[in-house]
Each structure stands twice: as structure tokens, then as C-alpha cells.
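This report concerns only the one structure given below.
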Amino acid sequence: MDTDNLIAHARSRFDHAAARRILKEKYQGKFTFAHADGMWLAGPELLTVLKCCSGKVVILDLYENPVQVTAEELYELTLQRWQEQLNAWLVEYKELSNNR
């Protein structure tokens, strides 16, 4: 392999890694949503807490404010947001990997 090929390969790997980081940052912001006077971050932690609860509960939102919510309702909204964003992220990630 000549030097030009090595440089091109290194650049493409670096560009791919940077693109993956940018893609992750893009979707991390989309996991945040508002509900019942609170801000929530859709993810495994919130889903686990909500799955352990039932009925009306008081939990801390993203900014550590106590908010009373219906656990089942917030669970469904959180799961929906989580899956929508992960599916969109996967589609873009596959496109990125194919372009590599």
C-alpha cells in the first residue's frame, strides 16, 4: 500500500468515527420530551422506573423536579419516543455504514 492509500483510508475511518459521534449527538437531544409539567429523557432508566410503578406516582423529571404522573401513561409515551428515535437512528446509521 502506498502512502496516499494509507492517508485516504485513515481519513475515511476518521470521518466515519466523527460522523457516528455527530449522529449520536443528534439523536440524544431527540430523546427529551415534555409531559405532565415535567421534562423527561426517554431511555432504559426511565422505562425501568416506570415499569416498577403503577397508578399515580411522584418521580423526579430530567431537571430533578418532583412531578406527579400516571406511570402507565408516561411509560407508553417514553417507550414510543425511545423506539421512534432508535429506529430513525438505526436507519441513518445503516446509511452511514453503507457509504463507508
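Assorted remarks:
- Hits in the range 36-47 (condition: buried (at least 17 other Cβ atoms within 10 Å of the Cβ) and not in a strand (DSSP E or B)): A42, L46
- The range 23-39 residues that are touching a residue at least 12 places away in the same chain (Cβ under 8 Å) and under 14 Å from L74 (Cβ atoms), paired with ones that are of a type in the set (D, E) and surrounded by 15 or more Cβ atoms within 10 Å (Cβ to Cβ) (beta carbon under 7 Å, 6 or more apart): G38/D61; M39/D61
- Selection over the range 60-72 of residues that are under 16 Å from T32 (Cα atoms) and in contact with a strand residue (DSSP E or B) (Cβ under 8 Å, 6 or more places away or on another chain) gives a count of 6.
- Pick from the range 17-35, criterion over 13 Å from the mean Cα position of the chain (by Cα) and closer than 21 Å to I59 by Cα, ranking: surrounded by the most Cβ atoms within 10 Å (Cβ to Cβ): H35
- Considering the range 68-89, and only residues there that are of a type outside the set (D, E) and over 27 Å from K26 (Cβ atoms), the residue that is surrounded by the most Cβ atoms within 10 Å (Cβ to Cβ) turns out to be V69.
- Test result for Y93, part of a loop (DSSP other than H, G, I, E, B), touching a residue at least 24 places away in the same chain (Cβ under 8 Å) and closer than 30 Å to A19 by Cα: no
- Of the set (1) in contact with a Lys or Arg (Cβ under 7 Å, 6 or more places away or on another chain); (2) among the aromatic types (F, W, Y); (3) modelled with pLDDT under 95, all apply to Y75 but (3).
The values are calculated or read from the model by the stated rules, or taken from the named source; none is laboratory data. None of these values were measured; they are calculated from a predicted model. Glycine gets a Cβ as well: all are built from the backbone with ideal geometry, and neighbour counts include every protein chain shown.
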